[in-house]
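Only one structure is covered here, and it is reproduced in the block below.
Quick note: the coordinates plus some simple rules give every number you see, no bench work behind them. Keep in mind the model is a prediction, meaning the values are calculated, not measured. Cβ coordinates were reconstructed from backbone atoms using ideal geometry, including for glycine residues, and neighbour counts include every protein chain displayed.
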Amino acid sequence: MRSKEELKGVVDRVVFRNETTGFTVLELNSDVGRITVVGISPEINEGEYLTVYGEYVHHREYGNQFKGEFFERLLPDSAVAITKYLSGGAVRGIGPKTAVKLVERFGDDTLNVMANDPERISEVRGISKKSAVEISKKINEIIAVKSTMEELGNIELSSLESIKLFDRYGAGVVELIYDNPYILCGYPLYKNFDFADRIALNAMWFSPNDKKRVAAAIVYILRHNNLSNGHTCLPLDRLVTTTAGFLSLPEEEIYGNINSIYEDESIYLDNIEEEAYVFLPESITSEQYISDRLNLLNSLEYKTSSDMDLRIHALEEREGIVYEELQKNAIRSSLKYGAVVINGGPGTGKTTTLKAVLEICEEQGDRVVLAAPTGRASKRITEVTGRDAYTIHRLLEVDFGNDIEKFRFLRNEK
């Protein structure tokens, strides 16, 4: 990463920043003049000293720019630079007036005093002892983040990735990664296994049969099958065979680690119809939760027409079709219980059954709303039923705002 071009300077202005993605456009006063820098970066404030690694590119609308791939923050060391840095909002709780007071009192040593001697900060008029401690805590966090970014940049992690890891694990994140680089495969980065494996084998001299490596591979394979193939679990023997091939290790090495990985709660083992299956903890928890909710809904019965069979027969006459007995059972159950799961392969009559349920509900004067998890699925339901369908989040009026992980319901009745 450090083989890229290097640009140093002071942030003159932050032109644009997307808080969700981290994409930033800023103007940097460098030795070669004012340069527009773009890229995915941590939060950057005006007055900060940066070393940016990247390359010059030409944008057809905005002209020449420097595309940054790694942003290294440098703390200012002169009174003038420190004043601008603090005035730009780098440390929450310190505005331009307070910044001037601090620098007038401590000069070039301001940041050092803020980090290491909070009692002296409270000598400045307007700063209480409590505020001084908070300010010291914040500047130390900035220093820790800066150090983390520099360390993790050496293993090709971007500035934003480093910030995410710091937020997740705190100041000890570098030591955690050196102890187990495979944590990079999990939340919040979910890096490819090969990325972490290169670091472990080539930079940290892990043994190919190290338990942490085996555990990470098992979790990675389970997660891949969950997200890509929809499997909430895998048979133990198949998982062992797949993992052994993935790591180029004997199956005995994998079997030998299964129990300890289970005891660490990285995986969950369960016997289903006398065969051992392996789950990710979050998968078994979600599956059990869904099962419990379906059972709860299924326990609720609704008053329905006593002449259901007559209605089904009348619908057959009107549509010129004859429902299979399984379809009739599905229709009756859908109109009786709080939740029904209709499952079957292509061409087995699921859509025909759904349309029958809709017809009878509308005949009874029931209010019917169709919903699906995705836009594509809801569009397909509309095509086959001739009725409007919604995505679940649109039906519930979910507002994601600028952060998909933090949503709210627009109609959240209490």
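Most tightly packed first, judged by the mean number of other beta-carbon atoms within 10 Å of their residues, the peptides 66-73, 307-314 read 66-73, 307-314. Length gained on full extension, LEU201 to GLU397: 65.7 nm, using 0.36 nm per residue less the C-alpha separation.
Considering only LEU249, ALA171, SER333, and ranking their Cα positions along the charge dipole of the chain that arises from unit charges at the beta-carbon of Lys, Arg, Asp and Glu, the one farthest toward the positive end is ALA171.
On full extension, the segment bounded by GLU252 and ALA371 gains 38.1 nm, given 0.36 nm per residue less the C-alpha separation. So for the chain, considering every pair of alpha-carbon atoms, how many percent are separated by more than 37 Å? Of all Cα-Cα pairs in the chain, 51 percent lie more than 37 Å apart. Along the range 38-49 the Karplus relation, 6.51 cos²θ - 1.76 cosθ + 1.60 evaluated at θ = phi - 60°, assigns HN-Hα couplings of 10, x, 7, 9, x, 4, 10, 10, 4, x, 6, 8 Hz to successive residues, with x for each Gly and Pro.
I'd like the FRET efficiency for ASP388 and ASP31, computed as 1/(1 + (r/R0)^6) with the beta carbon distance as r and R0 of 51 Å, rounded to 0.05. Once rounded, the FRET efficiency stands at 0.25. Entry for the range 5-74 at q = 0.15, 0.22, 0.23, 0.24 Å⁻¹: log10 I(q)/I(0) = -0.40, -0.89, -0.98, -1.08, Debye formula applied to identical alpha-carbon scatterers, no solvent contribution. Over the range 226-291, Cα pairs under 8 Å with separation of 6+ residues give a relative contact order of 36 percent. For a straight C-alpha distance cut-off of 16 angstrom, the aspartates and glutamates reachable from LYS130 (same-chain residues fewer than eight places away being disregarded) are ASP117, GLU119. Rounded to the nearest 20 debye, the dipole magnitude of the chain is 1580 debye, with +1 charges on Lys and Arg beta carbons, -1 on Asp and Glu beta carbons, and the Cα centre as origin.
Using the average count of surrounding beta-carbon atoms within 10 Å as a protection proxy, the listed peptides 33-39, 121-127, 81-87 rank, highest first, as 81-87, 33-39, 121-127. Taking other residues whose beta carbon is less than 13 angstrom from the beta carbon of TYR220, and scoring Lys, Arg as +1 and Asp, Glu as -1, yields +2. Helices in the chain, meaning DSSP H runs of at least 4 residues, each add -39500 (n - 2.57). Divided by all residues, the mean residue ellipticity at 222 nm is -14000 deg cm²/dmol. Structural descriptor for the chain: relative contact order 7 percent, calculated from alpha carbon pairs under 8 angstrom and at least 6 residues apart. State the percent of C-alpha pairs, over all pairs in the range 280-406, separated by a distance greater than 22 angstrom. Result: 48 percent of Cα pairs exceed 22 Å. Remark on TYR323: its backbone amide H falls under 5 Å from none of the residues 5 or more positions apart or on other chains, H modelled at 1.01 Å from N. On the basis of the beta-carbon distance and an R0 of 45 Å, ASP167 and LEU300 show a calculated FRET efficiency of 0.60. Using the average count of surrounding beta-carbon atoms within 10 Å as a protection proxy, the listed peptides 289-298, 180-189, 355-364 rank, highest first, as 180-189, 355-364, 289-298.
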